[in-house]
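Worksheet: the structure to be examined is printed underneath.
The values are calculated or read from the model by the stated rules, or taken from the named source; none is laboratory data. If you're wondering where the values come from, they're calculated on a predicted model, not measured in any experiment. Don't worry about glycine lacking a Cβ; one is built from the backbone with ideal geometry, like all the others, and counts go over all protein chains shown. Side chains included, ligands, DNA and RNA excluded: accessible areas come from the protein's heavy atoms. Shrake-Rupley method; radii C 1.70, N 1.55, O 1.52, S 1.80 Å.
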Amino acid sequence: KVAIKGIERELICPACKELFTHPLILPCQHNVCHKCVKEILFAFEDSFADGGSESSNQSSPRIRISSSSMDRIDRISRSGRKRNSLTPRSTLFPCPGCQRDIDLGERGINGLFRNFTLETIVERYRQAARAAIAIMCDFCKPPPQESTKSCMDCSASYCNECFKMHHPWGTVKAQHEYVGPTTNFRPKILMCPEHEMERVNMYCEICRRPVCHLCKLGGSHANHRVTTMSTAYKTLKEKLSKDIEYLISKESQVKAHITQLDLLLKETECNSERAKQEASQSFEKLYHVLEEKKSAALRAIETSKNIKLEKLQTQVEEYQGLLENNGLVGYAQEVLKETDPSCFVQTAKQLHVRIQKATESLKSFRPAAETTFEDFVVDIGKQEDILSDLSFHSNGLEIPEINEEQSRMYNKALISWECPGKTDSADIYVLEYHKLNREEESVTWQKTEVCGKSQVVSDLDDDSSYAFRVRGYKGSICSPWSREVILRTPPAPVFSFLFDDKCGYNNEHLQLNPRRTSVESRAGFPLLLGSERLQVGCYTTLDYIIGDTGIAKGKHFWAFHVEAYSYLVKVGVVPSNKIQKLFHNTHDVTSPRYEQDSGHDSGSEDAFFDSSQPCTLVTLGMKKFFIPATPAAPKDPASRILPLPSCLGICLDCDIGRVGFYDAGHMKCLYECEVDCSGIMYPAFALMGGAAVHLEEAVTAKYREYHDDI
């Protein structure tokens, strides 16, 4: 048994993040406390009244409405839902569990069921968590006594004395059902929230909720598929039990996954520390470069400053010498005191030159150095832009993305990928893949190294799904793994053939390419002449072509493309003993007798027409896939028309006599039927009007190069 304390995560309301209190089941199958639903709806209504969500953010301290929920409330409120409309108003509720807007219907919160099962489990959890806390009697005078039992009919707890007093012998209350002390009182019968006087006795398989017979007769579930409550109980309980048994049987696998996740947690911690260290080292390198540049710039500025200060200081000293009794002027004044002419002339000549220079500098004063440092302004505009774009790019490697349109599954798997930046930033790529198998406890990835951006993978099992992922390497550095892409292999080995240009081939209406892998039907002049000769009853015929190789036994698959402009194409298989009848079939025509809207489509005629067909074919055309009208097919013609897949496939199993028609792009079966495989079976195609069919080419190691050349 699972410990009750180990399931607390399942008992938490997604809105208030506390244990559920009277949980309600939403149409999306999530549970929310009754009080939380009301508070969210009140916030919802306030957003309509105020035209915004500012008031709704303060609706209640108990509930924590996420920003995404508030965004949805604002979006719906701005959508213009009208009040007081004559049409029934539905209540939209932003579910905090699945983050979707849920339609609660006209009754709103009143149309929701209480989840009594979840409520009981929560109560058991509360009792296990507060085993020492007693439930007190609801009827004792203060101080109340500890209760010994709870009455499910009265929805109250009693001590022994109060229970005897309120449930005397010989009265109706004495027959009430009582249990041990509890606070979880659930009704004995689950009533319908839409028809409050009716008990639920059926289960709606469409809405996945219990309903009453009035809901089925004339309510909102009138046209829904329902089953009895006992059948639903048995079915759901069996499914749940089976799934639980499967999970329990895989306990070793779960523990292995937990161990793997624990290792991943530790690895994540280590990798994060290493990533931090590498990021720190990268920024330290930038810091080092910046510090060097900063020091060089400061040194240059300091040197320039000293030179300028020295020049200005020298100029200051020179001008100070021009003052009276100071410097040059003072020296000149002393020279003037010389009375000896010879000595005066000897000294005055040089002094006079200096005095003249000082006089000229005084008349045209100019500082010896500029005070600005404009030559030392650092331009960091480009560097600032580069640093602003600095972000993590997987150590410089872009994460490759697998191109699902260019990748395909046929006889082999061709996996193609590309980088978002369209640059070859990686030196080599590693492609990993593994087969999806539910029974395997551990996943073993198979690895292959690729120098280009595509790889052909061989030896894959038929009718299986494979997961593929790729990452890039540049030296010892690798990018993160790409998103995993799931592709499915064909249901059988691929059968190779070409169109037969000899057996029944009509070269007037059909044209083959030289490699016999494509056939085209052209509504040309010969067809027009043929139609002109037919005045009544027959408009035109189909032109058939078959494969040049037959199948005698085993299971085989082949694929082809039908051009979107094709008017009418039939594809399928034909046995060898009916090939002649196929090319000379008088009933294979388009005439009023066989048109459904002609008034001649009686049951006997259809039966005769179907039984007369020599081969098993399905009809394609006008971008549609038509499921044949069989007893097992839907009676509504519109439901038998599907969009035409870009690539179609046919799977023939001669051993059991069945043929299936597939959407080859997703390997999904569209239609399957029995077929007579008594003879050798050949692929068969029929075209009318403008149409073209191209056989799918087998994947080879050189497929990409050949495909690009084409």
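Of note:
- Available extension along the chain between T347 and K305 is 11.3 nm, counting 0.36 nm per residue and deducting the alpha carbon span.
- Using the Cβ-Cβ distance between E284 and T372 with R0 set to 35 Å, the FRET efficiency from 1/(1 + (r/R0)^6) comes to roughly 0.50.
- Between I355 and Y319, the simple label model (points 7 Å from Cα in the Cβ direction) yields a spacing of 2.2 nm.
- Direction-averaged projected area, Cα convex hull, the range 231-362: 20.3 nm², rounded to one decimal.
- On full extension, the segment bounded by K38 and K624 gains 206.1 nm, given 0.36 nm per residue less the C-alpha separation.
- Three-way shape label, the range 142-290, alpha-carbon gyration tensor, a/c 1.5: prolate
- Here the extension length gained between T549 and A275 equals 92.6 nm, from 0.36 nm per residue of separation less the Cα-Cα distance.
- Note on surface exposure: M681, M202 rank M202, M681 by accessible area, highest first, 1.4 Å probe.
- Annotation: peptides 268-274, 218-224, 689-695, ranked by per-residue average of other Cβ atoms within 10 Å with the highest first, follow the order 689-695, 218-224, 268-274.
- Computed with a 1.4 Å probe on the full set of protein chains, the accessible area for K553 sits at about 150 Å².
- Proximal lysines relative to K255, as straight alpha-carbon distance under 24 Å, when same-chain residues fewer than 8 apart are discounted: K1, K5, K239, K242, K266, K435
- Reachable lysines from K285, criterion Cα separation under 20 angstrom, eight or more residues apart if same chain: K276, K293, K294, K382
- The accessible area of L387, taken with all protein chains in place and a 1.4 Å probe, comes to roughly 90 Å².
- A simple spin-label model places the labels of I258 and T444 2.6 nm from each other, with each point 7 Å out along Cα-to-Cβ.
- Accessible area, probe 1.4 Å, largest first, for residues L510, L336: L336, L510
- Amide H contacts under 5 Å for Y662, placed H, 5+ residues apart: G649, I650, C651, L670
- Nitroxide proxy distance, nm - points 7 Å out along Cα→Cβ at Q580 and M152: 8.1 nm
- Residues M191 and S241, FRET efficiency given R0 of 35 Å [Cβ-Cβ distance, rounded to 0.05]: 0.80
- The residues of the range 231-362 expose, per residue, 83 Å² of accessible area to a 1.4 Å probe.
- Solvent-accessible ranking of L263, L351, largest area first, probe 1.4 Å: L263, L351
- Distant-in-sequence amide contacts of T549, defined by a placed amide H-H separation under 5 Å and a gap of 5 or more residues or a different chain, comprise L498.
- Partner lysines for K453 [C-alpha distance under 21 Å; skip if fewer than 8 residues away on the same chain]: K412, K422, K474, K702
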